[in-house]
Every structure is written in C-alpha cells, then in structure tokens.
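Colleague: Below: one structure in structure tokens.
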Amino acid sequence: MMKAAGKMIGWIGFLCLLIIIGLFLPEWMVQYSDRKTSGIVKLEPLALSRVGTSKHSVLDRLNLLQHDPHDVDKVALEMSANFDSASANAHFMSEIAKLSSLQILPPIDWGTVPVFHVAAGLYTLKADQSSHAILWNIAFAGDSFSGNFVFDDATGKVITFKLSSHEYEPRLGEATIEAWGNYLDLEVRNIRRDTTDATVMEDDGVKVSEDGYQTYYFNLGAHDQFVPATFYMDLNSYGFDDVSKWTLIKEEEIAVIIRKKE
C-alpha cells in the first residue's frame, strides 16, 4: 500500500515537472535564440508588409530624419510591400515631374541621364522602434545634372535631395521653400536666411571663381507639430536637408556613377 502511494506521488511529481517545462521551455528557447542571433536582422514577409503599409505621415518621416544617423538603425532591403527597384524608379520619375511643375526642380531630360542607382532601406529609431520608415534612395548622373534623392515608401513623397549641375545656376529662395511645403502638404513657418559672403579669387585682377553659399532655416508642419528644416544653395547645387546623412548609396558609389556618365 505504501509502495503504491509512493509511486502515485512520483507520477504526480513527474507530471507537474512536465507541465512546468511545457510552460517555460518555449520562453527560454526564445530567449536563447535571441541571444544566439543577437545583432542579426531578419525581415519576415508579413513584418515587412506591415512596415511597408505604415500609416505614418510625411511629418513623421521628417521627424525621424531630425535624429543623429548614429541613433537610427539602417537595414538594406531589396524591395518593399509597395515597390521594387523598377517600380520605385518609375514612381521617382513621376515625383520629379511634380517637383519640376512646382519649379522646385528644373526640367530634366531623362534621355540624357543614362546612369541610375536605386537602393532601399528600413530605418528604425533605436530608442523608439515604433518610429520607422522604409526609404528609397536614388542617385543619377547625366549630361547636365546629377542628383541624390530620398523618397518615402509609404507616402511616395521625396523628403530630402541634392541636385547638382555645371550648366544650371539656381536662382531660388523663399518661393522655393513655400513650394516645397506645398508639395509635402505641410505649412511653412519662420523662414530665416543665413548668407555666407561670396569668396572671390582673382588672378592678375581677373576674377576666376566665386563661391556663394546661402542657407535658409525654416519649420515644416501642421497644426501644432513642426520640425526644423534647411534649404541650401550655392552656384551649382542646392537641396533640402542633408541627404548624405540618410543615403544608402555611398559617396564613392555616386562618384562611380558620375564617372560612368562621363
């Protein structure tokens, strides 16, 4: 009788142990797996789809770009839920046409722009992973123009760029900034101009170069939410904010694009 009771207690203890293992083993395995794969980023199709259809606004994207690049994780992607390289390129062309119609960009003859580089990335704020965006980076070089642009996957809007040309001398200013706000569907406030005096170099009394750099600081937003923004311009290039901080295409790759064009 005592032996039977002992066996029964043993079986009950064994069953309790199995229940405890069943409850805690999955969590322990996940934690162990997380430790083993720490630093490795894996994007599942469903998760990528959720990111690609984010309801965040253009203002959210601009706010993300206010952070130091070191505070933002960047993961290269081959495609998103909305675009692949080909469709991103086609969409980019349509946005460039809108920017040209608003006189933010000059008319560009794409027949003279033979070299493109397209890249996409998932950008996530380290301190707040709910703040994220998929951004497309497109660099190009042609006979008259070269450019580096970033557009937002979810809204389709160009949010930062730099355009350069040795044949086109920009004559832009506050009207361009207002047009930029119109393009982004945001209000522009507090435009402030900071002009660096032009530097003139002379050789035997003959002017050989002039480098005037102008910067405008302003705010973009809606209702009571605004973010700081910058428009800069020199003799042969101009743009909004510092696209180089957020590009996935490295400066040396852009240099290769320009060399291929030449």
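Colleague: If we count other beta carbons within 10 Å of each Cβ, what is the order of R61, R171, R189, fewest first? Write out the running numbers ahead of the final one.
Modeller: Details: R61 27, R171 7, R189 11.
By the 10 Å Cβ count, ascending, the order reads R171, R189, R61.
Colleague: Right, next: What full-extension length gain, to one decimal in nm, is calculated for F116 and Y213 as 0.36 nm per residue of separation minus the Cα-Cα distance?
Modeller: Details: separation 97, 0.36 × 97 = 34.92 nm, distance 2.77 nm.
Result for the pair: 32.1 nm of gain on full extension.
Colleague: Fewest Cβ neighbours within 10 Å first, please rank D152, D194 accordingly.
Modeller: Details: D152 24, D194 11.
Least to most surrounded, the residues fall as D194, D152.
Colleague: Starting from the Cα of A175, step 7 Å along the direction of its Cβ; do the same at Q129; then give the gap between the two resulting points in nm.
Modeller: If labels sit at A175 and Q129, their model points lie 4.9 nm apart.
Colleague: Which length gain, in nm to one decimal place, applies between N89 and L235 when the Cα-Cα distance is subtracted from 0.36 nm times their residue separation? Show your work: numbers first, answer last.
Modeller: On the way: separation 146, 0.36 × 146 = 52.56 nm, distance 2.81 nm.
Extra length available between N89 and L235 comes to 49.8 nm.
Colleague: Still on this structure: Give the calculated FRET efficiency between A76 and D242 to the nearest 0.05, with a Förster radius of 22 Å applied to their Cβ-Cβ distance. Intermediate results must be reported in sequence, preceding the final value.
Modeller: Working: r = 20 Å, r/R0 = 0.91.
Using R0 = 22 Å, I get an efficiency of 0.65.
Colleague: In nm, to one decimal, how far is the modelled label at H166 from the one at S100, with both set 7 Å along Cα→Cβ?
Modeller: Result: 2.2 nm between the two label points.
Every number in this text was worked out from the coordinates using simple rules, so none of it is lab data. None of these values were measured; they are calculated from a predicted model. Note: ideal-geometry Cβ built from the backbone for every residue, glycine included; neighbour counts use all protein chains shown.
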